[in-house]
1. Do the sum for chain C: with -39,500 (n - 2.57) for every DSSP H run of n ≥ 4, divided by all residues, what is the mean residue ellipticity at 222 nm, to the nearest 500 deg cm²/dmol?
2. Can you give the accessible area buried between chains B and C, summed over both chains, with a 1.4 Å probe, in Å² to the nearest 100?
3. I want the local charge near C:PHE269. Using Cβ-Cβ distances under 14 Å, sum +1 for each Lys or Arg and -1 for each Asp or Glu among the other residues.
4. Go through C:ILE199, C:ASN254, C:MET84 and say which Cα lies farthest out towards the positive end of the charge dipole of region C:4-271; charges sit on Cβ, +1 for Lys and Arg, -1 for Asp and Glu.
5. Give the accessible surface of region C:4-271 per residue, rounded to a whole number of Å², with probe radius 1.4 Å and ligands, DNA and RNA excluded.
6. Given a 1.4 Å probe, how much area per residue of region A:3-197 is accessible, in Å²?
7. Output the residues of region C:212-239 meeting this criterion: accessible area (heavy atoms, 1.4 Å probe) in the chain alone minus accessible area with all protein chains in place is 20 Å² or greater.
8. Given a 1.4 angstrom probe, I'd like the percentage of the accessible area of region B:2-80 that is carbon and sulfur, rounded to a whole number.
Amino acid sequence: MTRENYLSKLKNRTLFIQGDEAAAYGALYAGCNFFAGYPITPASEVAELMAKELPKVDGYYIQMEDEIASIGAMIGAAWSGGKSMTATSGPGFSLMQENIGYACMTETPCVIVNVQRSGPSTGQATLAAQGDMLQARWGTHGDHEMIALSPSSVQESFDLMLEAFNLSEKYRNPVIFLLDGEVGHIREKVVFPDINEVNIHPRNISKEKVDVFGGMRIPPMIEFGQGHRIHVTGSTHKSNGMRDVVSQEAHDKLIRRLNDKIESNRDEISKYELHFTDDMEYLVVSYGASARPSMGAVLKLREKGYKVGFLRLITIWPFSSTIVKELGKKVKNIFVPEMNLGQISREIERFVSCAVHPVSKIGGVAHTINEIVYEIESEVKKY
Amino acid sequence: MIREKDKIEIYIDEGLCKGCDICIELCRPGVFVKSEKLNSRGYYVPVPASMNKCTGCMICELICPELAVIIKKNELVKEVV
Amino acid sequence: MKNELLKYLRTDILPTEFCSGCGCGTVLNIFCHVVDELKINPDDIIMVTGIGCSSWIPSPYFSADTLHTTHGRAIAFATGVKVMKPDKHVIVIAGDGDLAGIGGNHLIHAARRNIGLTVFLVNNYIYGMTGGQVSPTTPSNVPTTTTPYGNTEPAFKIAELVSAAGASYVARWTTYQVFHLKKAMKDAILNKGFSFIEICSQCPTSYGKRVGMREGIDQLKDFRDNSIDLKKTAGMKDEELENKFIVGKFAERNRTEFTENLRNINRKFDEVPV
Ligand SMILES: Cc1ncc(C[n+]2csc(CCOP(=O)(O)OP(=O)(O)O)c2C)c(N)n1
Ligand code: SF4
Ligand code: SF4
Ligand SMILES: [Mg+2]
């Protein structure tokens, strides 16, 4: 079946599905034609849906022997013309770290879904968490930039997956899709768009012999098997791909360019949602699953007369520092509900001078609205 | 008695040779000897001193780790024994 | 006079960085002969390698599309390449530490899947690039930098292992048996399923010197004098085979190839033409 025929059958349909499944459908819309993975709760549903649907669009699903193999196969497929993806959770994400760095270094477009569960180690294997926010940023060794997105609803899981593929193609960088066990497993309504109305960023492929690793900030890519005889390596390399592992200048030039291509586009990549920030005295910042009770808490606090604004981060990395800095100047306190012990809260602190309070909840159970209201109210009453 | 024999030429790419002596040691008829002078990178390269002993077996060309031995087998020449 | 086979190499970076007398160069040399004799266009080859001296055989020297991956993962990366490019020759060349140590899991699973990769494992019995640490193929009792009192472990028999895992072509040869090796490489490349050759190779710098063989030629003579044809080993005792290099073809069987199986599933969803 062609992809067009397959997607035309989904057009304008409404399905009641899980966030994991919505992410998989989003990938199919984006043109994903290769998936390699290894089963793990709460991410297996992504793999299961891809296993079922990919053959229908002439794509390929493989279950590999582990997550290291999965990300390896995915990178190999990407250089062979594939739009590729893998999905895992914390333990598998940890195993993938070395090759996430390889994807950064070789500027390989690909999407890595991490449906976060409670860790460290096997932790609470079946329960949700947001404990890998910093691992997504800094998990692999060496200086590097990262793009990571985090949806808060099932529909957004679908929509944002399209964005994830587009960003990975546009910036030639791996993109981490930070679901959490809550949004991944919750069932909600998704409305499927018309594929003709969806914006898909095509891969910038050069048919000519060009420098694939330099010469411009984001060079074009090539596809294996077209006679380019390209050399792809995770070692420090020159713009033609050939190794140069001793020269300080070569490394400096390459790594600064790789960082710069993301850093200089920070504001363009950064996506967020603002509510009630005009009159606010306090700000709540949240993302993913915890953004849902956070929004509820903001509404409740406003009913009670507190002037609380809300920033929902959609792009996690690169960090939306511009807006955080700006909002930070307007408020006395920032509250950050998250399902970890303050990972993003600590990042916010770098950009504001007001007090930042983590509203942490761990243990695999999401915050309730009242818990967040209570924490914020008791802090605010001190003043 | 007249027998046919390949006319064989042996070349050593001195720029590639690393003087490992593998060709010298493994050549059964003993075609090569070690040269007296160093190549540009400081190795004593082999010299095909007894070219006429070569049987054209190709071992040296295949086993040389530097692709530095080239055996050329030209048209057949008749040889009087 | 230049070797015509240099046309297959990235000549601007020659001579190679391999030590004098290293078997890696011989493998590269024979591989070039094989590509030439099979008349394969290098544009139809995709080389995938890992980390180690042996991984440098194709990368950077052989001029084809080349994916130089992380340590041990070449076969995993190559799996993705082969699925997307089933008509290309996807060839992995890497070391014993890389493919049978850190990457051993990928090796046996690729053999089980019978994916159409060609894998040349260069077994120099040591971690060469990192300076001579024990590898899963180092023989017992051999002293290495990390087994200063002798290796306390037995070695993997890799060809036997890969054959047991289901590969459709498996052979073992040494860098001394150049003609057999050349023939085997051709057979491996032409075979449709997972094809594997364990190439016993000399590493004078990091291995040979620890077993009293300082020069590459010393290990080659060891290969010459101590190789034994697999066919002749039937009925021989383990003690008789100790320190021998059992060479020959270990498997050649007809099995369906993995990417072909994937494609057959996709065909089920082909539209019926109206
Ligand atoms: C994940 C990881 N661990 C360790 C290393 C260090 N390392 C580089 S090469 C190598 C051993 C290579 O041995 P082998 O594959 O046998 O190749 P050889 O050099 O002997 O040809 C090791 C351990 C690495 N690069 N990556
Ligand atoms: S085998 Fe090759 S590198 Fe070694 S001495 Fe002979 S020509 Fe030189
Ligand atoms: S260390 Fe050993 S394997 Fe590496 S180049 Fe030198 S001789 Fe060859
Ligand atoms: Mg080795």
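The values are calculated or read from the model by the stated rules, or taken from the named source; none is laboratory data. These figures come from a predicted structure and were not determined experimentally. All Cβ positions, glycine included, derive from the backbone under ideal geometry; neighbour counts span all protein chains shown. We work out accessible area using only protein heavy atoms, side chains counted, and drop any ligands, DNA or RNA first. Shrake-Rupley method; radii C 1.70, N 1.55, O 1.52, S 1.80 Å.
1. That calculation yields -9000 deg cm²/dmol at 222 nm.
2. It comes to approximately 2400 Å² buried between B and C.
3. Result for the local shell: +2.
4. Result: C:ASN254.
5. For region C:4-271, the per-residue accessible area is 37 Å².
6. Averaged over the residues of region A:3-197, the accessible area is 28 Å².
7. Checking the loss per residue gives C:ILE217, C:LEU220, C:LYS221.
8. Roughly 53 percent of what the probe reaches on region B:2-80 is carbon or sulfur.
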